[in-house]
Each structure stands twice: as structure tokens, then as C-alpha cells.
């Protein structure tokens, strides 16, 4: 039999065309008709009418709101549906996060928040077994690694490059085993991954929501327009066609779409009929069996087939849905929001740590106990694939920022205010102006930590632009050819000139920092800055307001052209953690037909990117998620800002043309890039900690008060400095007497000769103010004890088979999965 698993579902964006609040209540239906509270009301009502019916739900941010409004009787009813496997939670994070522009620490937090609520509310029956990212615009390897470490058995998504999909359909490789980490021993980061056949929509002609135009099943032969025979014939044709591009006698169909099931009766009444009439054809020799199902039950049946699956080791970026439609600009879209999200993540970690170290009084601020909760929820919503990604309407982006600001206010409890005993202001920095045709008084500057020379930066006397960067410790020098800020105009690249007034007659000097200020246009400038004790060069860029008087949108980039022989290869991080190799005009899993030489070579950069040859590695650390690539050998470019005048016809319905009350002429954005130069074997020891420092920057607070004599009071929550390879990722109050602690080894396997080795940490001697009475290890998302975590075992086509514990999903949802198995 060909078993067709029908999965009723709704895809509810946690903000997109409307704000998260508007979507939940069903407000502003003039923008989009959608009301999540009514979807959940209607689905529960319809599930109770037929025990065969199933439904899956994803976004805990919405379900949490709905749950709080229900009566005890309704809550007990829903718990029964969950226990029976008829209502199944998949993914289960606070939202369905973006995979290109998110940092792994924020993703872990938002997943933990959603999964904890499901655990506390429904127990093990509410724990999702399947990751479900049906809408994000490309898929990151680090996300798959996190899902595996969170205990998921499988991962399903809908979007991938159109060329990749076409090849996989022919080769029947739309389901695979994703080996999502080079550092973790298989199968720790192995994740079964499936590509859904219709994105996340139903097959053509089989949409029965109130928002759909497809005709219902008309099954009374005495009435006009009886169409059962036509419906069955079309469905069998679609099912057989889909089976040709998948490996097993089980196929899955998503029966739902964006904000559907507000009137669930429409869907279920027609699905009941579809199942009945298609299965009746078995008496006439049909070998198609249709059933209500869920992703976990479908996954279990794939596992039972016991096949080998193709192995994948890279990621699914960049994503294009046609030859000239690459979804890579959003890696940079809304750069101000991306920066605000990044520093909000840092601020949240500080707030959570102080709540632990400060004790109960620190959790009883002016807004009541648990003051970090507001910022936790705002940050969790900001990870949504239409939030930090920048792919939402402007009023929704404003709402995300407002929620973050409100979270900041709630985190400002008394423990955040520290008397600063001494605050000295440095004199004006040593400044050399960029001025074409004027000889600079000094053509380079050098950094020095205890008399040692670190870096030398040299400028061209004619142009005033950077010309070389030298690492004086390792005796390395690379030429930097016009590291300029440029703009895309359609497909042309137009470099700016260096245009500023003449330098002042005298320049103050400072032993702490030196800088050169460059103006490339009235709306583009850059400060080249070198701190005395730093092994990194800082480029502080300011862009905006981007002019649109010529009726052209613009995408502004910073490009570094070096003497490094990179041979078309460059490297980018995956969600701020492991690094992947990229190659120009190349994809590891198919023969690429490149149609967009720039957009088709752009990748997400969450924290760092680099180019290298046998001798030199030039690394750029970013202060937010951005897009970038290496379009020419020895070149590394990063997009800084973009302003567009036309909608991209991908659903938002408005161009990316940001303004504000402060900047009515267009948004002005400022950011930093840090450059380091090292031998490749030593580079990670510099850029890895540097990237972490930028992501989790120290929080400096001030308060009114008298100056105290030196020495200044100091406090550290740790007894001693952690080893360089170890990063304290999470310190958060879990309950009254329990703390959630995450320590991570932050170096990739073989990344650093010294620091990639295993490290031992004494937890008993870790904190200075906490008494550790016991430790229990959990999975990454803290919703399951580590020693109880079992995952389905899969075989890769390479022949490698890793013995593991096979978990029977029907133990979690007895009625649902057992009944499904009996039907097959």
C-alpha cells in the first residue's frame, strides 16, 4: 500500500503583516484576515467530534496566550487530546525561528522557553519529537545540530533552492540524514531531515479553508455537481506522482497553510470525506491508503522501513525560488533592528545572571518578581523568521523594537545599578583625516600590551585609504586594496571617493587609541580605529540617510580587497558557532547553474567571516547579523544597509524603505567591523574569543552617587577565570533553589591546535557565591534528563550504522500512533 499521511496544520507567524498581538486577537483584518485565538477554539471543537482527526500546533507564544484564557474544564479537555495523540505539538519553541540571522544563544533561549511551558503543562506527552521549520528562508547547519542535541528525532522543512529540489526529486533524495556538526561524534548531531512536497501548502486543488477557492467535495449523487469521482481521481494521480520522488511507500501531505482552520469544520468535513472515498477504492484494487497523521507518526513509519539515507554535511544557503530570485538581501535587512536584537540578547544574559547572583531580592524589582520574563518573551518573539530577519512590515518591525524596549525597562531592577567609584574621560583621540592629495603627517599607526608591537595600519598618501595591515608579532603583512564602502545600483558597483574637508592644523594625540576618519559621501563615513592593546583593527561605519532622489534603491557594502590568494573560497559562521567553507559559484550537493553572480554568492554572517591562503588569514568580526560574500579572489564584502523602493512580490506588500521620526529622510545606521590578521593555524585563538566578546559585550551602567576612594570595589560571580575554550553560555534561575547552567566548548574540532582539545571544569569550584548541592544533566533545551533522552537511530548510505535506542513514538501518544499503525 501507498500510505498517504494527511497532516492538518496551521502556520501562524508570530508577527509578519500584523503584529503578534493583532494576529492573536484577529485585529486589523483589513491587512490580513487572521485570528489565532479562533483557530485554536475551532480546532479543539472539531477534534472532539471525530476521534480519528489529528492536528499539530507549533508556535507556543500563541498557544500560551490562548491557554491562559481557558477554563479548567477546557484545559482538561485539551490535556486529554494531547495524551491521546490527537493534538500534537511539533517544534514547540516560542516561535519558529529564522535560521540565517539568529545567534545560537538566542535560539536556545527561545526554544527552552516554549518547550518548558509544554513540559510543565502536559508532561512527556506534550514534548515535541519533530522539529518543524516549514517557512524559514534557508536552513542552517547549526540549527540542525541544536535540534539533534535537544532530542528531536527528525526535522521537516518546506523551502530549499529550486535547483536543489529538482535534483533531489529526480534522485529521490528529499529525505536524508543531516550530519550537522564536524565536532560532535555521530550520531550526536545527526538529524533525519525531510523536505515537504508542497512547501507547507496542500496539494493543488485540495485546500478547503475559508480563505481558499477550491470546490468542496460534493458527494450527494442526487444533487448537481457531484464530484467525488473527479476528486478521487485527481488525488490518486497526485499521490502516485508524489510517490515517484520519495523513497518509501509512505508520503506526507500538509493540509493547511497560513492562519488556516479559523473555521476548522470546513477542513475536517472535507478531509473526512476524502479519506473515506479514496480508501473505498481499495475494494476496486487501489493500493492507496489515506489516513489522518502527524509528523512524528510519519517519521516512525519511515524509521520502520529500515532503509539507508543519503548523508548531508553542509547547509541549505543561499535559498532561491527561481533563477533571479535569491533570498539573500534579508541577511542585512533592517540592520538597526538586527543590532538592537543582538545587544538585547547580551543585556538579557546579564539580567539573568544578576537575578541568580543577587538572590531573591533581585527578582523583586519595581515591576514585580521575575523581571527578566518580559525581556525573555520579547527576545523569543524577536527570533521569529519574520522578525530579526527583517522580512516584516514596517509597523511590525516597530512593534518588535517596542517589545524589546519594554523588556529592557523591566530588567532594570536595583541590582543593575552599580555605583561607579571612578569614571575618567580620555582626551580627544589621535585623529588623521582622509584627504585626497594631501600628505598625511603620519602614514601609519601601531598598537602595543607591555612594549610589544601588535598591529600596524598603513594608509595611502594619495588617497588616504587603507593600504596594508601588518601583524608585527607574526611578521605578516597583507595589502588591502581600497577597502571602501560601495553601493549596488541595480547590478553595477559604484565605489565612492574619499571626500572630506582638509584636516585641522593641529591634532591631539592619545596613548590609548588612534583613529582616521574617512568621509566617502555626505551620507557614508568610516572611522579606522586602533586601540593600543588590541590585536584587531576597528572599522566603525555610518551609513544613511540613503538617498533615493534618483528613484533607485541602494544596497551599501563594505569591501575589503586583499593580496590573499583565496582561490574562490571563503568561510562564514553558522549562527555564531561552527564555521562552514563556502566556494564561489559552487554548491556541494549539486551542479549549480549560476544566474546571479552577486546575490547567488551571498551567505549569512552572524558573527565572523574570513578568507585565507597558506600563509595569511584575514578575519572580519561583525556586531550583528549581515550578509556577505567573496565575489573576487582575495576579496571579502559585507552588506551594511539597504533601502529599496519597490516591493519584492514575496508577500509583504511594501518596499524596505525605513524612516523614523528622528530620521524622516531615511534611517541612519552605525556599526563596527573588527579585522584581525593571523596565520591560519593561529587565527581561531584570536577571532573566536573576539566574536564572543562582541556578541556578549560587557554592560556598563551608571548611577548618581559620590566618588569612592581607590581601589574600586570589585566582584566576580566566578571563583576563577574559565579556561579559554570554555564559555559560560547560560546562568538562569530555574526555580526557587535551582539554576540552569550551560557551559559550552566554544572551539570547533581541529580549529585550534591548543584550544580544540577536551577541557575539564570543576563545577564545585565554579561560582563564588553559590553553594552547589547537586548536578543533574539535561539535554540542550532543558526539557529532558540527558540519561533519559533517546532518539531514533538512522542508517546513512555511506554504510555507517550507529547503534542507538529505538524509541517507539506510540508510547508517547498511545491512541494516536497505535491506531495509525493499525490502519497501515
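No lab work stands behind these numbers, since they all come straight from the coordinates. Predicted model, so just to flag it, every value in this text is computed and none were measured. Reconstructed Cβ throughout: ideal geometry from the backbone, glycine too, with neighbour counts over all protein chains shown.
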What label, among [x] 62, 34, 25; [y] 48, 31, 26; [z] 112, 32, 24, belongs to semi-axes √(5λ) of the Cα gyration tensor in Å computed from the structure on display?
[y]
Only helical DSSP H runs with n ≥ 4 go in: add -39500 (n - 2.57) per run for the chain, normalise by residue count and round the 222 nm mean residue ellipticity to 500 deg cm²/dmol.
-7500 deg cm²/dmol
Quick check: residue separation of residue 591 and residue 750 times 0.36 nm, minus the Cα distance between them. What number comes out in nm?
54.4 nm
Using a Förster distance of 41 Å, the FRET efficiency for residue 718-residue 797 (Cβ separation, nearest 0.05)
0.35
Cα-based shape type of region 298-402, given that a ≥ b ≥ c are square roots of the gyration tensor eigenvalues and the cut on a/c is 1.5
oblate
Relative to the longest principal axis of the C-alpha atoms of the chain, give the angle of the C-alpha long axis of helix 372-382, reported between 0 and 90° and rounded to the nearest 10°.
80 degrees
Can you give me the angle between helix 295-305 and the longest principal axis of the chain, using Cα atoms only, in degrees from 0 to 90, rounded to the nearest 10?
80 degrees
Please list 553-561, 624-632 highest first by mean number of surrounding beta-carbon atoms within 10 Å per residue.
624-632, 553-561
May I ask for the angle, rounded to the nearest 10°, between helix 680-695 and the longest principal axis of the chain, with both axes built from Cα atoms and the value confined to 0 to 90°?
80 degrees
By Cβ neighbour count within 10 Å, fewest first, 324, 384, 103, 410 rank 324, 410, 103, 384
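Normalised by the number of residues in region 335-416, what is the relative contact order in percent for Cα pairs under 8 Å and 6+ residues apart? Spell out each step's value before the answer.
On the way: 82 pairs, mean separation 35.5, N = 82.
In percent, rounded to a whole number, it is 43.
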607, 732 arranged by Cβ crowding within 10 Å, fewest neighbours leading:
732, 607
With a 10 Å Cβ neighbour count serving as the proxy for reagent exposure, in which order, fewest first, do 776, 525, 562, 716 appear?
776, 716, 525, 562
Restricting to Cα pairs below 8 Å that are 6+ residues apart, what does the relative contact order work out to for the chain? Please round to a whole percent.
15 percent
Starting from 0.36 nm per residue, how many nanometres of slack lie between residue 764 and residue 476 once their C-alpha separation is accounted for?
99.4 nm
Using Cα pairs under 8 angstrom and six or more residues apart, how large is the relative contact order of region 2-330, in percent?
26 percent
